[in-house]
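Taking it in order: structure first as structure tokens, then the write-up.
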Amino acid sequence: MSSSPAKVSRRAFSGSLAAAGTFLITGTKASGNIIGANDRLRIAVVGVNGRGQSHMGGWLGQEHVEIAYLVDPDQRVLANTLKGLAEKSGGRFKTEGAADLRKVLEDKNLDAISIATPNHWHALMTIWGAQAGKHVYVEKPMSHDVHEGRIAVEAQKKYGVVVQHGTQNRSDAKRAGLHEAIQAGKFGRLKISYGYCCKERNGIGENRFEAPPANLDWNLWKGPAVIDRYHSNFVHYNWHWFWPTGNGDLNNQGTHQLDIARWALDTDQTHPVRAMAIGGRFQWKDGGETPNTMFGIAEYPNGQFVFFNVRNVNYKGYKKQVENEYYFEDGGKIIGRTYYAKGDSKGVPVDVPNGKVTPGGNWSSFIAACRAGKPEMANGNALDAHYGCVLGHLINNSYRLGTKVPFNAKAGQFGDNKDAAEHFLALHEIMANGVKVPENGSEYTVGPWLEFDPKTEQHTGEHSVAANKLLRDPKNPGFELPDAKSL
């Protein structure tokens, strides 16, 4: 590409970098120019450890795509990755390294950024990228809290760039076709869309508080996250299990299954009207904060439900489940790729036409959308990303406001929802009999039902004061988010 979709002067960027306050720029709406298929598209990968390696592999597999920058605050990781990338690329292009994305965004010939940082950075970098006129591929979850997700949506709308969420199932034509069939009523009316994030994990040990390593720019690593002091579990993966930086497995791996679950609901459904959670962090006795076991429920305005199950405690006979199920009002259900009518234990294969997606998988579809200058081509756009992430945030927030109760089968507080009670009991039996969590001395955390207004994106009702405080994380000076009016 020869130009970015939104024009921002280098002077405007330099001035914002020199300012003591928040990094903010103003720009114009993207022009949506069509770029030739043989023109070079220059992209920056931000966060090169772990998932960032997959991003680099994805972009290396695209024709006429240049990885122009690698961005990471860990000098050692950055240097090693630059060396490895040079070998893999075979000298097709020269990649520069940087610690701070803001300096990279000054490059008027940079077309896109690819964000694979810890969660607490995702939304702010998405907003910065949009303001600079760069297309954005952002890992899941797009947001670390509800408020910043909304600002990211507004930034995409204002600047007209492509924003694609790292939820690869959105590029699956068969999954899209299944949901189109469900929404058309092929299997009857959907009652419960159920997601699982049950994969083997282990404890992370105690947090070792110490000075940050010399190779790490700690101020840049934490960025907007308000953290008292460094400990070794933050870098480079276990930040997932701390509230200032991560969202637990519900909005880590679980973001994929949450997004799938919401995707299957009636197309006019946006946010839940209420949500709750029950769970705990069992057995590990480590420094982590987020639950390793959770059952979450969200009810939508039309009466449809999303259920979710997180189960990460490992044990002999553990059954991994990273999948989705669908339950219908007439008693039918879809488990895997099999439809079971009420009372039928054999089932029949689900056979539906492919649905509408931009072809090429998640990497190629993003590049196609960038070349066309069409945000609507993104498989998993900013708005769908926001809806899916908010679903997880609300369930997590209920858990965070929960109270301790004895670990037993009666711990759930589901009112007259027999389906919820049944599925929670199934989880409890696994924890009690499989994991062997002792009933004596063990506790669940039971979150309250949180009421939510989908239009205002604010909580209402009994717990609204405490719950609304969790919608917007505090930010460090210099890393605040703009409000929608000042984008």
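Observations on the model:
- At R0 = 30 Å, FRET efficiency that the Cβ-Cβ distance of Asn302 and Glu422 yields, to 0.05: 0.85
- Alpha-carbon spread of the range 266-388, three principal axes, descending order, Å: 51, 45, 34
- Amide H contacts of Cys198 (H built 1.01 Å from N, in plane; Pro and chain starts excluded): Arg311, Gln321, Val322, Glu323 sit under 5 Å, all sequence-distant by 5 or more or on other chains.
- The chain - percent of accessible surface contributed by carbon and sulfur, probe 1.4 Å: 48
- Computing FRET efficiency as 1/(1 + (r/R0)^6) for Glu200 and Val405, where r is the C-beta to C-beta distance and R0 is 25 Å, gives about 0.40.
- With only the Cα atoms considered, the range 338-476 has a convex hull volume of 245 Å³ per residue.
- DSSP-defined beta bridges in the chain - what % are antiparallel, rounded to 5: 60
- For the range 64-134: Kirkwood Rh in Å [reciprocal of mean 1/r, alpha carbons]: 12.9
- 3J(HN,Hα) couplings calculated from phi for the range 137-151 with the Karplus curve 6.51 cos²θ - 1.76 cosθ + 1.60 (θ = phi - 60°) are, in sequence order, 9, 10, 4, 6, x, 4, 10, 9, 8, 5, 4, 5, x, 5, 5 Hz; Gly and Pro show x.
- Angle in degrees between helix 382-400 and the longest Cα principal axis of the chain, rounded to the nearest 10: 50
- Shown is the FRET efficiency for Ser345 and Arg76, computed with R0 = 60 Å from the Cβ-Cβ distance and rounded to the nearest 0.05: 0.60.
- Accessible solvent surface per residue of the chain, calculated while the other protein chains remain in place, 1.4 angstrom probe, Å²: 41
- Residues whose amide H lies under 5 Å from that of Ala132, counting only those 5 or more places away or on a different chain, are absent; hydrogens are built 1.01 Å from N in the peptide plane.
- Accessible surface of Asp100, taken over heavy atoms with a 1.4 Å probe and every protein chain present, rounds to 30 Å².
- C-alpha long axis of helix 75-89 to longest principal axis of the chain, angle in °: 80
- Among 281-292, 450-461, the peptide with the highest mean count of other Cβ atoms within 10 Å heads the list, and the full ranking is 281-292, 450-461.
The values are calculated or read from the model by the stated rules, or taken from the named source; none is laboratory data. Note that the structure is predicted; figures quoted are calculated from it, not measured. Glycine gets a Cβ as well: all are built from the backbone with ideal geometry, and neighbour counts include every protein chain shown. The accessibility values were calculated without ligands, DNA or RNA, using every heavy atom of the protein model including side chains. Shrake-Rupley method; radii C 1.70, N 1.55, O 1.52, S 1.80 Å.
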